[in-house]
Each structure stands twice: as C-alpha cells, then as structure tokens.
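Here's the structure we're looking at; comments come further down.
The values are calculated or read from the model by the stated rules, or taken from the named source; none is laboratory data. In this text the structure is predicted, and so the values were computed from the model without any measurement. FYI the Cβ positions are ideal-geometry reconstructions off the backbone, even for glycines, and counts take in every protein chain you see. To get the accessible areas, we keep the full protein, side chains included, count just its heavy atoms, and leave off ligands, DNA and RNA. Shrake-Rupley method; radii C 1.70, N 1.55, O 1.52, S 1.80 Å.
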Amino acid sequence: MVDHDLIPEHCGIIEFYHNIDFWETEFYVIRKPKRVHKDSYWELNDKDLFIRKVALNLLQRKLEIKSKHKELIFKNFFDIKKLK
C-alpha cells in the first residue's frame, strides 16, 4: 500500500476491499481529486492536428491488416523507431 502523503495533492485516492467469499468489491473515497485548471482539453491541444493523426493511424492500421505495407505514403512513426 502507498502512503497517502506520497500521492500528489491534486490526485484523488480510492481504496477498495474485495470480499472473496461473496465476489463483492467495496470502494471507499479517501480524497476527492482537485481541479488543476479550468481549460478544456481542446483549448490545450490542436483539434485539427489530433483528428489528422487519428485518421492517419486508422489508414495505417487498415493497410497493415490488408498486408499492404508498401502502399503507405507516410511511414508509421513507431516502425521507424524500431529500425534505429
């Protein structure tokens, strides 16, 4: 078990007890999480870039499933890392 003082103040803490005999789990909220900032996710990140990356990822996966790796115009970033 981790000491509560080691967990940052903005993180919430939930403890649980699992009763093996009855297959029931009880959760206890020890500390609620604190809001760090009020900005939305999209104010902090570029929405268009995110959507483009998701679309490119889906296209790469689709071509990988069809075993058409050679047709990829944009090489997968993680494959390039593996080769180095």
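With just the Cα atoms of the stretch 1-73, tell me how far they stretch along each of the three principal axes, in Å, largest first.
Its Cα atoms span 53, 40, 19 Å along the three principal axes.
Just how much of residue 39 is accessible, in Å², when a 1.4 Å probe is used and the result is rounded to the nearest 10?
For residue 39, solvent-accessible area is about 80 Å².
For residue 34, go through the aspartates and glutamates and keep the ones whose alpha-carbon is under 19 Å away, minus same-chain ones fewer than eight residues off.
3, 5, 9, 15
Between residue 23 and residue 2, what's the calculated FRET efficiency when r is the beta-carbon distance and R0 is 25 Å? Round to 0.05.
0.45
So what's the stretch 1-40 giving for Cα Rg divided by 2.2 N^0.38 Å, two decimals?
Values: Rg = 14.0 Å, N = 40, 2.2 N^0.38 = 8.9 Å.
In units of the 2.2 N^0.38 Å rule of thumb, it is 1.56.
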